[in-house]
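This report concerns only the one structure given below.
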Amino acid sequence: VDRRSSGVCRIIKLSQERTKELLAIHGWSGIILGLLLYAVICTGTIAVFSTEIGDWSNPLDGPATEGLPPNINALVQELGDQVDPAYRDQFFLYSSGGGRLMLQFEGHLEQDGDDDHPGAEEHYGVLYEIDPNTLTLLNRTEGPEAMLDAARRATDALADFFVDLHVRLHIPNPWGLYVTGVLGLIMMVAAITGFLVHRHLIRELFTIRRNKEALLRSRDAHVIAGTWTLPFAFVLAFTGSFFSFATSLGLPAMAMVVFGGDQERAIAEVFGEPPATDETPAPVANFDAVIADATARTGARPNFIAGSFYGRADSQMRAFTPAEEGDLTGRSPVYSGVTGEFLYDKPVLVGQSPSAGNAVAALMAPLHFGNFAGIVSKAVWFALGFAGAYVALTGMLLWTNRRADQRAWQRMGRIVHWMGYGLPLTMAMTPYGTFAGRWFGWPLETAQWTAFGLAALAALIVALGARTAARARDLLVATTGFALLGVPLVRYATGGPGWLGAWSDGLMTVIAGDLIMMLGGVICLGLWRFGAGTSAEQAGQANSRPGRSNPQVTA
């Protein structure tokens, strides 16, 4: 038993054979969870720019407006008056991809049933898609909640794909949230233990042994990146776990423990009791006046309005505003849905009055998404997320390369290369499916999964079939580079605006997005042409072919 496991044996008195089995379980479980964690970190790095991705991939003519557009009251009330009263329990006014204005009404309809199987209530409603620059109606969808969600997602398909991949790995709810929540906890434990095990933390912030062998240089680069990102990794893991578990486990658990399983009572306690019911028909408040008052009151223009019981005497509206300059969180004043009178300021997340708990909870979103200082903070979060992905990938490469004399670990090393270098390729290919699906009228989700799946399959074939792991890496990085360079061309060929048209319409996000894609492609091709692979791969051409040992790494 080597020195790493002898301590375990002395404490728990395990046999040598049992110790080897436990170490194998530890290693395999760590790599599998590491692969999933790497996927969550990579997709989260891209999802930071979800708003910009939506504006780039599906722009409208004319620049996107900041917050809700002016002079919308007449159109909103005209459309609202056309809605079936059964669909007026809730209404929402918000922006989607490209700055499109979305007006949504929802209600409950009881489905047909019989004496033995009474009909269940389902959400139904109407969704209006509006051009905020011309205030013209672009699309109208009526049907069950799933149909409304699909229509909304069609306007923001590419951003939603990456966000869902990050939030729940496209696993059905609530299981996907459980998985990402557990991965967040694992990342938090790794950050804490990483801080504790680095006894020379300050020195390791700047130490890399350039004149040493490749494996040591790779280990130093891994430690430097991990050390610099330790605080960020902890914050990201903690806030991510909060979002995954807060609604999927937190609220049901609180309802079970405190309210005897009554989730409605728990929701009322957290979010407040609804106003007294009054179904008397009543006029609707002026939306322009509500937006103007919220802007003056909070210092920022609302970007979302949520209301209840449109056209009734008990109607209320709640306006959500972004954070003012210098603040991390916004505000959400509540108004009468009949007169537009200001009623009270409600905490953005939970509770009925300001509290320390609400202040902490409200900080979770800006700290996780990095949107508290606009594009600057998003760029910083992107860089730190990229470093976190590098730490996860190099850690798995170091682990598998040190065990490359074992056939099973050689194969797992190829899987690490597939995930590590194949995931960026699949993400680069997803816009192709989005643009093609929108151009040819295919179901967008099917088109996206087709592009994503074919790229993942091609990457797997390359990772398993290449002569060496380093060769597989080079092929995948080069293909990713060519894919990124082609994205702007495909966007334009499938009906997107050219640079001159985007410039004249003020669509700077379109030009910036194309330039970033091209820059990413050039960097990937540069790494392929002039790079020599990671230091870990240089150490003996690790994992040269599945089934062969690698004595150079073993030595």
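The values are calculated or read from the model by the stated rules, or taken from the named source; none is laboratory data. Predicted model only: the values in this text are computed from it and were never measured. We place every Cβ from the backbone using ideal geometry, glycine too, and count neighbours over all the protein chains shown. Accessible surface is based on the protein model in full, side chains and every heavy atom, while ligands, DNA and RNA are left aside. Shrake-Rupley method; radii C 1.70, N 1.55, O 1.52, S 1.80 Å.
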Say each of residue 276 and residue 228 gets a label point 7 Å from the Cα, pointing the same way as Cα to Cβ; how far apart are those two points in nm? 6.2
Could you derive backbone 3J(HN,Hα) for the stretch 140-153 from the dihedral phi with the Karplus parameters 6.51, -1.76 and 1.60 (θ = phi - 60°), listing whole Hz in sequence and x where the residue is Gly or Pro? 9, 10, 10, x, x, 4, 4, 5, 5, 5, 5, 5, 5, 5
38, 390, reordered so the largest accessible area comes first (probe 1.4 Å): 390, 38
Going from most exposed to least, what order do 317, 518, 412 have by accessible area with a 1.4 Å probe? 518, 412, 317
Amide H to amide H under 5 Å from residue 308: which residues, 5+ apart in sequence or cross-chain, H placed 1.01 Å off N in plane? 91, 316
Based on the Cβ-Cβ distance from residue 503 to residue 467, what FRET efficiency comes out when R0 is 51 Å, to the nearest 0.05? 0.60
Quote the relative contact order of the stretch 348-499 in percent (integer), defining contacts as alpha-carbon pairs under 8 Å separated by 6+ residues. 18
Arrange the residues 442, 399 by how much accessible surface each exposes, largest first, with a 1.4 angstrom probe. 442, 399
Derived scalar couplings ³J(HN,Hα) [the stretch 50-65; Karplus, 6.51 cos²θ - 1.76 cosθ + 1.60; whole Hz; x for Gly, Pro]: 4, 4, 5, 5, x, 5, 6, 7, 8, x, 9, 5, x, x, 5, 7
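State in Å² the accessible area per residue of the stretch 35-192; use a 1.4 Å probe, count heavy atoms of protein chains only, and round to the nearest integer. Write out the running numbers ahead of the final one.
Working: 6820 Å² over 158 residues.
Here the residues of the stretch 35-192 average 43 Å² of exposed surface.
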Taking a virtual spin label 7 Å from the Cα of residue 182 along the C-beta vector, which residues in the stretch 35-63 bring their backbone nitrogen under 20 Å of it? 35-44
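Gain in length, residue 175 to residue 345, computed as 0.36 nm per residue apart minus the alpha-carbon separation, to one decimal in nm?
Values: separation 170, 0.36 × 170 = 61.20 nm, distance 3.48 nm.
So the chain would gain 57.7 nm between residue 175 and residue 345.
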Between residue 84 and residue 375, with labels modelled 7 Å along Cα→Cβ, what's the label distance in nm to one decimal, could you check? 4.5
Just to verify a number: what accessible area does residue 123 come out at with the full protein assembly present, 1.4 Å probe, Å² rounded to tens? 60
For the pair residue 460/residue 18, report the inter-label distance in nm, with labels modelled 7 Å from Cα in the Cβ direction. 3.7
Using modelled amide H (1.01 Å from N, peptide plane; none on Pro or chain starts), what sits under 5 Å from the amide H of residue 346, excluding residues fewer than 5 places away? 332, 334
In whole Hz, with x marking every Gly and Pro, tabulate ³J(HN,Hα) for the stretch 416-426 from phi via Karplus 6.51 cos²θ - 1.76 cosθ + 1.60, θ = phi - 60°. 4, 5, 4, 6, x, 10, x, 4, x, 5, 5
So, taking all protein chains as they sit and a 1.4 Å probe, how much accessible area belongs to residue 411, in Å² rounded to tens? 120
Give me the accessible area of residue 462, 1.4 Å probe, in Å² rounded to the nearest 10. 40
